Amino acid sequence: MKLYKVWYLFCCLLLTFAFVGCGSDEETDEHDEHDHAEAFDATTVLNDFANGIVLSTYTDLDNKAGELLAAVTALESDTSQGNLEKAQQAWVAARIPWEQSEAFLFGPVDTQGLDPALDSWPVDHVNLQSVLDSGDSLTVDFVGGLEDTQKGFHTIEFLLFREGDQRQASDITDRELEYLLATTENLKVSTSQLRSAWAPDGENFVSAVAQAGTGSIIYPSQSAAMQEIVNGMIVIADEVANGKISDPFNESDTTLVESQFSFNSISDFQNNIRGIQNVYGKGLSGFVNGQDPALDARFQQEVKAAIDAIGAIPDPFRDSITANRGAVQAAIDAVSTVQLTLEQNILPLVQSSEFN
């Protein structure tokens, strides 16, 4: 989670308001033409997105967080090499739904502060060591009150991994196990809160999206919800191209790399773009194809090309920012292309279309 993400989303909102607020005779004529065109009913798109993508992904995340907690609990009880490796594998598995969910970082994950609590980076070794060196009892409640960079996925990662080298279970201290267990318990609390916020048996934010324009107090129109979805994809494309990959690349600084201890960075980046692929393919593709088939085909190819370009970076990413700069730049360019198409073609198409 980076501050520029907040700034970028603010800019997107300004552009949306500007688009809606600006008027001219030509635009009036265009709207008159739309009045005679059949409006698009986005009910299925919004329902599939809310239930089939968001709630499904957050449910998977919460389940994977539970499996991670079980693995960490087993490690704390029996600190064997086998249990350590199982906990490491469970951490990697939990990253998949989380990174894919970053294609829709709006709603409760934003308003309830769950994104930074789960996934703030980069972590600071000094801050983490200060927790370990303190005399505080490392309970789940205590961890909940720590700074975001002292808990969440990357604190767990720091305690489980050692910069690509297989950590030895015999090197893990009792204090580290105490911190690891409490932090993982805190992570599970956050993932459960996130799932419940969207679930019909919880706060039911899923209905706010699915019922946009027909009783939703959050989205007064289907257009508003559709624009929110597209802006969510824009935000993560911008973060991957201009933050996650570009920041350590431009600075040649491995401490800025996300998932630097586990060497899971490339998988994280690919899953961010797969999140866009999931969202777009679940309904949005049908909408765009109905308006502009060539744009739909082009964008799907651009998303695939971005995933492939990231995958072409030699592992580990932290070494490639200096040793394989051409491959890293190619990935930045490919993800930037996805972002530009979303900004310049797909978002304007949504903004200019009539919905039920």
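Rule-based calculations on the coordinates, nothing more; no lab input. Every value quoted in this text rests on a predicted model; they were computed, and no experiment measured them. Virtual Cβ from ideal backbone geometry, glycine too; neighbours counted across all protein chains shown.
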So, with points 7 Å from each Cα along the Cβ direction, the Ser221-Ala323 label distance in nm works out to 5.3
Taking the range 44-166, the equivalent ellipsoid from its C-alpha gyration tensor has semi-axes in Å, biggest first, of 28, 19, 13
Going fewest to most other Cβ atoms within 10 Å around each Cβ, Asp315, Asp136 line up as Asp136, Asp315
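Which order results if Ile156, Ile273, Ile172 are arranged by neighbouring Cβ count within 10 Å, fewest first?
By the 10 Å Cβ count, ascending: Ile172, Ile156, Ile273.
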Taking Cα pairs closer than 8 Å and at least 6 residues apart, the relative contact order of the range 241-314 in percent is 28
In order over the range 337-346: 3J(HN,Hα) from phi, Karplus 6.51/-1.76/1.60, θ = phi - 60°, whole Hz, x for each Gly or Pro, gives 5, 4, 4, 5, 5, 4, 6, 8, 10, 6
Taking only the Cα positions of the range 154-262, the convex hull volume per residue in Å³ is 131
Whole-Hz Karplus couplings 3J(HN,Hα) for the range 223-232, θ = phi - 60° and coefficients 6.51, -1.76, 1.60, Gly and Pro as x, run 4, 4, 5, 4, 5, 4, 4, 5, 4, x
Once amide hydrogens are built 1.01 Å from N within the peptide plane, the residues lying 5 or more places from Arg162 or on another chain with amide H under 5 Å from its amide H are Arg167
Against the 2.2 N^0.38 Å rule of thumb, the C-alpha Rg of the range 137-177 sits at a ratio of 1.27
Phi angles of the range 192-200, converted by Karplus (6.51 cos²θ - 1.76 cosθ + 1.60, θ = phi - 60°) into ³J(HN,Hα) in whole Hz with x for Gly and Pro, give 5, 4, 5, 4, 5, 4, 8, 6, x
Checking the range 167-206 for chymotrypsin sites (Phe, Trp or Tyr not before Pro) in a loop per DSSP with at most 11 other beta-carbon atoms within 10 Å yields none
Distribution output for the range 38-85: share of Cα-Cα pairs per 5 Å bin in percent, first bin at 0, values 5, 19, 13, 13, 10, 9, 9, 7, 6, 4, 3, 2, 1
Of 82-90, 122-130, 234-242, 274-282, ordering from highest average Cβ density within 10 Å down gives 234-242, 274-282, 82-90, 122-130
Final fewest-first order of Asp296, Asp253 on the 10 Å Cβ neighbour count is Asp253, Asp296
Semi-axes of the range 96-144 from the Cα gyration tensor (sqrt of 5 times each eigenvalue, largest first, whole Å) come to 27, 13, 9
The size of the Cβ-based charge dipole (Lys, Arg +1; Asp, Glu -1) of the range 67-188 about the Cα centre, to the nearest 20 debye, is 240
For the chain, longest principal axis from Cα atoms; helix 3-21 axis from its Cα atoms; angle between them, nearest 10 degrees, is 10
Pseudo-spin-label distance Ala312 to Ala169, built 7 Å along Cα→Cβ, given in nm, is 4.1
In terms of the charge dipole of the range 91-233, which places +1 on Lys and Arg and -1 on Asp and Glu at the beta carbon, the residue among Leu105, Thr173, Thr139 farthest towards the positive end is Leu105
Residues whose modelled amide H sits under 5 Å from the amide H of Phe355, counting only those 5 or more places away in sequence or on another chain, are Phe40
So for the range 279-356, using the alpha carbon gyration tensor with a ≥ b ≥ c as root eigenvalues (a/c under 1.5 gives rounded; past that, a/b versus b/c decides prolate or oblate), I'd call it prolate
Inter-part gap, Cα centre of the range 90-155 to Cα centre of the range 185-233, in whole angstrom, is 22
